[in-house]
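Read through the structure below, which is laid out as structure tokens, and then see the notes.
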Amino acid sequence: MNQTVEFFKTQIGKIIDQSPSPVGNWLQAVLIEVEEGSITADVKVRKEMTNPVRTLHGGMIAAIADEMIGATIATLELPHVYVSVNLHTDFLFPVKE
């Protein structure tokens, strides 16, 4: 049994606020679906996440992606902790507050 997945499943529908990641807590994502190797979450775009034209700041997009990738990797219960080495992001459409 994958204990990480089972724990995450108990958090579905709740705001993530007990993560060991301070950034993850600040994002206030809500878990929607969790399986081994897959996480779906909803992140509400707040004013402090936007740029001067009120669209989601590119750095925030990258932070959200990086945080969700990290949580997804945690569901694999690998024997080591992994961090991002490189993150390439293409910005195709603006996201409004």
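The values are calculated or read from the model by the stated rules, or taken from the named source; none is laboratory data. Quantities reported herein were computed from a predicted structural model and do not represent experimental measurements. Positions of Cβ are generated from backbone atoms using ideal geometry, with glycine treated the same way; all protein chains shown enter the neighbour counts. Calculation scope for accessible area: heavy atoms of the full protein, side chains included, ligands and nucleic acids excluded. Shrake-Rupley method; radii C 1.70, N 1.55, O 1.52, S 1.80 Å.
Here are the numbers for the structure shown:
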quantity	calculated
Region 22-37: number of residues that are more than 15 Å from THR72 (Cα to Cα) and buried (at least 19 other Cβ atoms within 10 Å of the Cβ)	1
Region 65-94 - residue that is among the small types (Gly, Ala, Ser) and surrounded by 13 or more Cβ atoms within 10 Å (Cβ to Cβ) and, of those, farthest from GLN18 (Cα to Cα)	ALA65
Any pair with Cβ under 9 angstrom, 6 or more apart, that starts in region 79-92 at a residue that is without any contact (Cβ under 8 Å) to a residue 40 or more places away in the chain and ends at one that is outside any loop (DSSP other than H, G, I, E, B) and among the charged types (D, E, K, R)	SER84/ASP66; LEU87/ASP66
Test result for LYS14, among the basic types (Lys, Arg), under 13 Å from the mean Cα position of the chain (by Cα) and either at pLDDT below 95 or open to solvent by 90 Å² or more (accessible area, probe 1.4 Å) (or both)	no
Inter-residue pairs, beta-carbon under 7 Å, first farther than 18 Å from ILE61 by Cα and in region 25-45, second surrounded by fewer than 16 Cβ atoms within 10 Å (Cβ to Cβ) and of a type in the set (Ser, Thr, Tyr), 6+ apart	ILE32/THR40; GLU33/THR40
Selection count where residues are in a loop (DSSP other than H, G, I, E, B) and loosely packed, with under 11 Cβ neighbours inside 10 Å, scope region 38-64	2
